[in-house]
Amino acid sequence: MNCFSDCSTTVSLVTRQTLELWRGTMKEVGGKFGTGVLSYFKFLKWLLMFNIFSFLVNFGFITIPQLIYHPTPDIPTGVSFKGLEILTGAGYFSHTVMYYGGYSNKTQGTGGWPEYNMQLAYFFTITAYMVLCGAALIYSMASSFRKKYVLADSGLGGAWQLLCSWDFSVTNERAVRQRKNNLRIQLKESLSEKVQVALLPLTERLKHYGVFLGTWLLSTGMALGCGASVYFLQSADKASGSLLEEAATLLLPFVVSLINLVVPLFYSLFKKIEHYSNPRMQVYAIIVRNVILKMSILGILCYYWMKDVANTFSCWESIVGQALYRLVIVDFLFIMLGSFFGEFLSNVIGTKCIQSLGVPEFDVARNVLDLIYAQTLAWIGIYFSPLLPVIQIIKFFILFYLKKVSLTQNCQPPRRAGRAAQMQTIFIAILFFPSFVGALSMVAYTMWTLPPSDNCGPFRGLNTTFSAIQIWMDDLNGVDGFQWIVWIYQHVIRSEIFYFLVSLIILVFIYIFRQITQGRKLLIILLRQQIVNVSSSELSGPKCLVHQCCCV
């Protein structure tokens with residue numbers, strides 16, 4: 001029995017390790033480049049799981065029923081696949097289940113099939129997916145915050161870095177030497193931060209504050225200017241008719257991706273004139289500027305889609321879905337170009353032409369922000385293009401191996417790898433806000449406020465998408481045994497008092513958990529002080545005995 005138990009345990013362990021995606025590659029990256037770079041690939045894998053789950057849910061509850069009852073799409077006469085649709089998402093694809101307009105608004109169930117309400121399926125599938133994503137993000141953010149900030153002791157400083165910060169996943173000899181050098185640099189930076197703050201006179205501090213103000217005004221102005229230029233380019237992103245007009249729709253995503261590639265490189269030049277006493281603040285400044293830039297552009301695009309496109313085109317949801325499809329595709333192409341020009345050519349120049357530049361570092365922050373931007377596009381497009389997660393899955397699969405090859409061939413570990421690893425909580429927080437919250441606001445505004453198209457989609461003819469729920473409640477009100485569902489809908493879900501009480505309960509729980517956390521931190525401080533007192537008494541005991549013996 002023991003032999004059978006051991007064999008079954010071994011088989012289950014091997015099976016679990018085999019089924020775990022990219023396990024060997026993750027260990028290889030962590031062994032050569034440390035946990036800082038590894039955090040990027042773990043983040044990419046985490047987002048890939050989001051999109052796989054989204055695809056399975058949408059395909060299972062929305063697309064498969066549509067294909068069962070309507071296996072052939074309604075393609076107009078004269079429309080055929082030309083190949084350009086792979087880049088533009090328009091043309092032939094615009095009449096398929098790829099977009100909102102390809103789904104029926106009827107309750108399916110003819111020909112002996114069971115009834116299936118496409119309106120309710122579409123609404124509840126999108127809603128359930130967004131709720132589950134929000135819950136997963138909140139849980140991950142809270143867990144990471146507890147480990148990185150609540151349980152971490154910021155008072156240990158250099159002693160913690162010296163004694164407890166070694167990355168034991170590193171096994172490569174060259175990487176070990178690099179980590180030792182990195183640790184030495186981090187200790188020097190940590191020790192010099194307070195000295196720099198203390199040595200700066202008042203005039204120098206005022207000068208630095210003026211430089212900070214100027215760079216922030218310039219970066220914010222550039223973000224707003226880029227958003228305005230994107231808004232004025234919207235006229236090129238119109239419904240495609242001829243092949244030339246269809247190709248012209250790629251102009252807008254090209255400009256957007258070019259801005260997201262070039263402007264962050266310009267932001268990185270600010271570190272030449274900015275002199276932060278804390279190097280971590282410099283990384284935070286770069287992240288915040290990039291987030292402002294990307295979210296400003298997405299905000300302008302969403303405003304245009306909701307205000308102009310929704311009032312201009314007959315099937316405007318599919319037009320928005322096509323625009324998001326093009327943004328995802330062109331962003332992927334620019335990421336590949338960025339890996340070639342930003343990493344491969346930098347490696348060639350640094351090792352062959354200008355050897356003083358050296359081998360480029362893998363920029364964890366910039367690459368993670370690119371992933372957050374790509375996932376934001378997928379979340380916004382979940383309502384307008386239910387199968388957009390398929391494109392995102394393919395994109396992330398290719399991107400994983402592309403970045404892995406580029407990393408091993410062209411890059412070295414970043415000098416602040418330990419700091420990059422500690423910023424995982426910041427990345428998850430940015431993914432939640434403004435990324436997920438902004439996408440959720442966009443989808444919620446579309447479903448609760450904007451009138452759907454009259455000629456396409458599952459909600460055609462309704463005042464809003466949410467009107468499908470009211471129609472369903474009216475139907476249930478006449479069915480015996482379902483009046484309790486109607487009562488909950490009318491007196492709980494549509495009641496402001498219910499949401500007020502839920503918010504109040506959440507605030508009470510937050511306050512209770514905060515008090516528990518503060519109590520635990522105080523208890524840890526008291527226990528540490530007690531350890532110090534016990535150690536001092538043990539050291540002073542032998543000294544007293546020696547003194548007494550000498551006196552005798």
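The values are calculated or read from the model by the stated rules, or taken from the named source; none is laboratory data. Just so it is clear, the structure is predicted and the values come from calculations on it, not from any experiment. Note: ideal-geometry Cβ built from the backbone for every residue, glycine included; neighbour counts use all protein chains shown. Side chains included, ligands, DNA and RNA excluded: accessible areas come from the protein's heavy atoms. Shrake-Rupley method; radii C 1.70, N 1.55, O 1.52, S 1.80 Å.
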(request) Using the structure shown, list the pairs from K180/K271; K294/K521; K207/K352 with a Cα-Cα distance above 28 Å, or answer none. (result) K294/K521; K207/K352
(message) Given R₀ = 35 Å, what would the calculated FRET efficiency be for S229 paired with Y276, taking r from the Cβ atoms and rounding to 0.05?
(response) 0.70
(request) Would you please calculate the Kirkwood hydrodynamic radius of region 495-538 over all C-alpha pairs and express it in Å, rounded to one decimal? (result) 13.1 Å
(message) If you count only protein heavy atoms and use a 1.4 Å probe, how large is the accessible surface of W379, to the nearest 10 Å²?
(response) 0 Å²
(message) Can you tell me how region 429-478 classifies by the Cα gyration tensor, rounded, prolate or oblate, using a/c under 1.5 as the rounded cut?
(response) oblate
(message) Can you give the FRET efficiency to the nearest 0.05 for V211 and L265, using r as the Cβ-Cβ distance and R₀ = 22 Å?
(response) 0.65
(request) Taking the dipole about the Cα centre of region 24-119, with the C-beta of Lys and Arg at +1 and of Asp and Glu at -1, give me whichever of L87, L47, I62 is farthest to the positive side. (result) L47
(request) Report the net charge of residues surrounding T215, where surrounding means a beta-carbon distance below 15 angstrom and charges are Lys +1, Arg +1, Asp -1, Glu -1. (result) +3
(message) Just to check, using Stokes-Einstein with a Kirkwood Rh over alpha carbon pairs, what's the diffusion coefficient of region 371-526 at 37 °C and 0.692 mPa s in µm²/s?
(response) 157 µm²/s
(request) Determine the gain in length on full extension of the stretch I394-F500; use 0.36 nm per residue of separation and subtract their C-alpha separation, reporting nm with one decimal. (result) 33.9 nm
(request) Obtain the nm distance between the two label points defined at D474 and L527 by a simple spin-label model: each point lies 7 Å from its Cα along the Cα-to-C-beta direction. (result) 6.2 nm
(request) State the extension gain, in nm to one decimal, for the chain segment bounded by Q409 and L258, taking 0.36 nm per residue of separation less the distance between their alpha-carbons. (result) 51.8 nm
(message) If I model a spin label at T220 and F145 as a point 7 Å from the Cα along the Cα→Cβ vector, what separation in nanometres do I get?
(response) 2.5 nm
(request) Rank these residues by their accessible area, most exposed first, probe 1.4 Å: R146, R366. (result) R146, R366
(request) Return the long-range amide H neighbours of Q412 (sequence gap of 5 or more, or a different chain), with a cut-off of under 5 Å between placed amide H atoms. (result) E361, F362
(message) Per-residue counts of other Cβ atoms within 10 Å, averaged by peptide: what ranking do you get for 31-37, 520-526, 247-253, highest first?
(response) 31-37, 247-253, 520-526
(message) Expected output is a single nm value to one decimal: the length gained when fully extending between H70 and Y116, i.e. 0.36 nm times separation in residues minus the C-alpha distance. What is it?
(response) 15.3 nm
(request) On the full set of protein chains, 1.4 Å probe, figure out the accessible area of D474 and give it in Å² to the nearest 10. (result) 90 Å²
(message) Rounded to two decimal places and with Rh computed the Kirkwood way over Cα pairs, what is Rg over Rh for region 333-409?
(response) 1.10
(message) Run the simple label-point estimate for F509 and Q490 please: 7 Å along Cα→C-beta, distance reported in nm.
(response) 3.0 nm
